[in-house]
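Rule-based calculations on the coordinates, nothing more; no lab input. All figures in this text were calculated on a predicted structure; none of them were measured in a lab. Neighbour counts are summed over all protein chains in view; Cβ atoms, including those assigned to glycine, are modelled from backbone coordinates with ideal geometry.
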Amino acid sequence: MHYVNNKAEDVQIAYIGGGSRGWAWTFMTDLALEERLSGTIRLYDIDRHAAENNAIIGNHLSERKEAVGKWKYEVKDSLKSALEGTDFVVISILPGTFDEMEVDVHMPERLGIYQSVGDTAGPGGIIRALRTLPMFSEIAEAIKRYSPKAWVINYTNPMSLCVKTLYHVFPEIKAFGCCHEVFGTQDLLRRILKYEGYVDELVDRHDIDINVLGINHFTWFDYASYKGMDLFPIYKKYIDENFERGWEGGDSEHWANKCFVCKHRVKFDLFNKYGLIAAAGDRHLAEFMPGDTYLKDPETVESWDFALTSVEWRKKDLKDRLERSARLASFEEEIELKPTGEEGILLIKALCGLERVISNVNIPNTAGQIPNLPKNAVVETNAIFDRDSIRPVSAGPLPKNIYDLIIPHVKNHERVLEAAFTFDKELVREAFLNDPLTKGRASEEEIFKLVDDMIESTKKYLPEGWEGK
């Protein structure tokens, strides 16, 4: 990487999971729209054909006249060739297939345990972690060997445990996790600001100043302001007057599918109960709460105006994306060049020293940014991104009532990380028993049988140490 006229040129980025038929296209789009960055994207994927298609798509996108960011996309055959000499590493992988995710999400339903996402908390998040963390261990070892000074950006879930594993294997790694859930709550606040008549037009999301604290997909704001205006009373007024109908304006469509749309009534209920603004999608927030709260059964979910995202839908969506990949690679369809709203490229630009950015980030709590959580916990707070540095912002302690909601998950992260490296099924059982979504929903014997069956169903993606467990 070198600098010319306040631009970073010849930036080398390794994309692990470079055959992605979704996130990669988002990444390509934002790169093409950023005129101050250019270089090479090295695509590495166990599905080489998918990476080859993305190389065709990316190079064609970069050749378009309106693409101001110019990049060369190359396919690599190994982690070594992808990583050597890189400035940045992006990780965006699917651990296993949707067949395994079908087990994660739907097998617990036999005990009346429902999950709206199944990739972070609950039984699904725990089992997904068991097959994901060994992959991240291998990636961390490769980064340590081939590109120890590169910045590593993770987009894979379960986010907290993925980032935790990278640091567990390679403590000196410069890694962080990016998640867009906070942005959706900023967007909701700016829409309510307009709805309540405080502004005539929608303000820029970035002008909603927030203090972020919590863990990934279970984040909270204890401060939200627009140009000195405290947004908490405005948010409360809207909820007091509209709790039953929720939020309907501006959310009728979603970038992916109606399965992801909610009316934010879970957020509103959490605000009424705990006093802070819950800052993630309702589907994620619900999974961190006791199982009889928002996910008791499909009827309860429907009453809260969000959705269970079935894996059957995900499989159909994958089929649609595969068809779109073929169209894009044959130039029958073009990617629309407009900003995606993600911040990954903005953060890369900041780390290159081209500007200074404050954004939410998932990193270990070693600076004590949330002082009443353990220092080895991976937390989500704001941080200052600048040339080759991330400086976490002190978010302050969690209020006791929210600490009590978060700490069981932080403790489970420790159990699951240890279980993944020691092949200890007893720790997995403990994690199931102590997860709020599962706790008290079935007998201990039934939970243990569920653990056995879920591990068996994902065994081909687990290390040999799980044999006979």
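Got a sec to turn the phi values of segment 181-189 into Karplus ³J(HN,Hα) couplings, 6.51 cos²θ - 1.76 cosθ + 1.60 with θ = phi - 60°, whole Hz, x for Gly and Pro?
Along segment 181-189, the couplings run 4, 4, 4, x, 6, 4, 4, 4, 4 Hz.
What FRET efficiency comes out for residue 180 versus residue 9 if R0 is 35 angstrom and r is the Cβ-Cβ distance? Round to the nearest 0.05.
Efficiency, rounded to the nearest 0.05: 0.80.
Give me, ordered by chain and number, the residues 5 or more places off residue 175 or on other chains with an amide H under 5 Å from its own placed amide H.
When sequence neighbours closer than 5 places are left aside, the close amide H contacts are 152.
Using only C-alpha positions, report the orientation-averaged shadow area of the convex hull of segment 283-346, nm², one decimal.
6.9 nm²
Tell me, what is the percent relative contact order of the chain, built from C-alpha pairs under 8 Å that lie six or more residues apart?
17 percent
Students often get this wrong, so check it: of 144/375; 72/315; 400/425; 164/315, which have C-alpha atoms separated by over 25 Å?
Check vs 25 Å cut-off fails for 72/315; 400/425; 164/315.
Give the Rg/Rh ratio for segment 20-83, taking Rg as the radius of gyration of the Cα atoms and Rh as the Kirkwood radius, to two decimals.
Using only Cα positions, Rg/Rh for segment 20-83 is 0.97.
Counting just the Cα atoms, what span does the chain cover along each of its three principal axes? Round to the nearest Å and put the largest first.
For the chain, the Cα spread along each principal axis is 63, 58, 46 Å.
Which FRET efficiency value, to the nearest 0.05, is calculated for residue 70 and residue 433 with the Förster distance at 30 angstrom and r the Cβ-Cβ distance?
Given R0 = 30 Å and the Cβ-Cβ separation, E is 0.05.
Can you pull the one-decimal nm distance between simple spin-label points at residue 394 and residue 272, each 7 Å off the Cα toward Cβ?
My value for the distance between the label points is 3.6 nm.
Taking R0 as 30 Å, what FRET efficiency do you get between residue 401 and residue 241 from their Cβ-Cβ distance, rounded to the nearest 0.05?
It comes out at approximately 0.75.
Given the chain, what percent of its DSSP beta bridges are antiparallel, to the nearest 5?
55 percent
Please give the contour-minus-distance gain from residue 172 to residue 59: 0.36 nm per residue of separation, less the Cα-Cα distance, rounded to one decimal in nm.
Using 0.36 nm per residue and subtracting the Cα-Cα distance, I get 37.3 nm.
Step through the residues of segment 44-60 one at a time and calculate ³J(HN,Hα) from phi using the Karplus curve (6.51 cos²θ - 1.76 cosθ + 1.60, θ = phi - 60°), rounding each to whole Hz and writing x for Gly and Pro.
With the stated coefficients, segment 44-60 comes to 10, 8, 5, 9, 4, 4, 5, 5, 4, 4, 5, 5, 4, 5, x, 5, 5 Hz.
Express the relative contact order of segment 261-321 as a whole percentage, based on alpha carbon pairs under 8 Å and six or more residues apart in sequence.
Rounded, it is 33 percent for segment 261-321.
What whole-number value in cubic angstrom gives the convex hull volume per residue for the C-alpha atoms of segment 126-174?
Expressed per residue, the convex hull around the Cα atoms of segment 126-174 is 59 Å³.
Of the cross-linked pairs 237/267; 236/263; 7/80, which ones have a Cα-Cα span greater than 20 Å in the structure shown?
Going by Cα-Cα distance, 7/80 fall outside the 20 Å limit.
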